[in-house]
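Okay, structure first, notes after.
Each reported figure results from applying straightforward, stated rules to the coordinates on display, with no laboratory input. Given the structure is predicted, the values throughout are model-derived calculations rather than measurements. So basically every Cβ, Gly included, is an ideal-geometry build from the backbone, and we count neighbours across all protein chains shown.
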Amino acid sequence: MDKNLYSIYDKKSGTYMQPFVELTDGTATRQCMDLLNNPNAPFSKFPEDFTLMRIGSWDEIGGIPNADTPPEVIIELLTLQEAKE
């Protein structure tokens, strides 16, 4: 079964953080909401600096990542922060 690969893009450093696997954009967004709930994390302190990106897919049977399309914006963490307030 293919799952999606995601990464959080840091606009200040211009780098992508370590990728993670989720089934859907919704479950990846939920993971980011958890990050925003930690008051000591940079995500909650500076949400305007971070963007959730889908960077490819993961074949969990074959163990092969696939990144045949450019990274796609899923949601700005600032948008999530504003929605929870």
- prompt: Is there any pair with a first residue in region 28-46 that is more than 19 Å from Glu72 (Cα to Cα) and a second that is in a loop (DSSP other than H, G, I, E, B) whose Cβ atoms are under 9 Å apart and which are 6 or more apart or on different chains, and what are they?
  reply: Leu35/Ala41; Ser44/Asn37; Ser44/Asn38; Lys45/Pro39; Phe46/Lys12
- request: Could you grab me the full set of residues in region 28-85 that are among the aromatic types (Phe, Trp, Tyr) and within 15 Å of Leu5 (Cα to Cα)?
  value: Trp58
message: With the structure loaded, tell me whether Gly56 is free of Cβ contacts under 8 Å to residues at least 60 places away in the same chain and out of contact with any strand residue (DSSP E or B) (no Cβ under 9 Å at 6 or more places or on another chain) or whether it fails that test.
response: no
